[in-house]
Structures are given as structure tokens and as C-alpha cells.
Amino acid sequence: MYVCNCNGIRERDVRHAIAAGATRPAHVFKACDSQAQCARCVCDMRKMLDEERQALRFAAE
Ligand code: FES
């Protein structure tokens with residue numbers, strides 16, 4: 001499933017970027033050799049980053 005239609009960034013690309021240390025949408029774009037264009041995907045990227053942060057928090061408890 002595509003998260004960013006402008007750059008062809010898929011959900012798995014975002015998850016790989018997060019696993020590699022991305023903590024902000026800008027980091028995800030950089031990891032995918034792209035940059036924000038319309039920025040409609042930024043909210044979805046933030047949700048994925050928040051979900052990952054929460055998962056790590058629960059895992060640490
Ligand atoms: S959908 Fe990601 S920059 Fe447009």
C-alpha cells in the first residue's frame with residue numbers, strides 16, 4: 001500500500017526507514033531519496049511513527 005503517492009513510498013518503505021532510525025517524516029523522505037511535495041502523506045507518516053514509538057514503549061515495559 002502506498003503512503004506517499006507523489007514519491008511512490010510504500011508502507012514497508014516507511015517501516016524500513018523507522019527501523020533504520022527515522023523519527024520524523026523528513027527522515028523518512030531522506031531515507032527514500034525523496035522530498036515532500038504535496039505533503040498529504042505527512043499525517044499518515046506521523047501516525048506510523050507514533051505507532052512505532054508506542055510499540056517500543058510497551059516492549060520496554
Ligand atoms: S503524497 Fe507524499 S508528498 Fe504528496
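Read-outs throughout are calculated quantities, based only on the coordinates presented, and are distinct from any laboratory measurement. All of these numbers come straight from a predicted model, not from anything done at the bench. Neighbour counts are summed over all protein chains in view; Cβ atoms, including those assigned to glycine, are modelled from backbone coordinates with ideal geometry.
Between the beta carbons of R10 and A59, assuming R0 = 25 Å, the FRET efficiency works out to 0.55 to the nearest 0.05.
Whole-Hz Karplus values for segment 50-60 come out as 5, 4, 5, 4, 5, 4, 5, 5, 5, 5, 6 Hz, taken residue by residue from phi with 6.51 cos²θ - 1.76 cosθ + 1.60 and θ = phi - 60°; glycine and proline positions read x. Relative to the Cα centre, the charge distribution of the chain, modelled as +1 at Lys and Arg Cβ and -1 at Asp and Glu Cβ, gives a dipole magnitude of about 100 debye.
What the pair-distance distribution of segment 2-60 shows, using all Cα-Cα distances binned every 10 Å from zero, is 26, 57, 15, 2 percent. Per-peptide packing, taken as the mean over residues of other Cβ atoms within 10 Å, places 16-25, 50-59, 34-43 in the sequence 16-25, 34-43, 50-59 from highest down. Residues in segment 19-31 carry Karplus couplings, in order, of 4, 8, x, 5, 10, 9, x, 4, 5, 5, 4, 4, 4 Hz; the curve used is 6.51 cos²θ - 1.76 cosθ + 1.60 with θ = phi - 60°, and Gly or Pro positions show x. Put +1 on the Cβ of each Lys and Arg and -1 on the Cβ of each Asp and Glu in the chain; which of A17, A60, V28 then has its Cα farthest toward the positive end of the dipole? Going by the Cα projections, it comes out as V28. Here the label points at E51 and A20, each 7 Å from Cα along the C-beta direction, are separated by 2.0 nm in the simple model.
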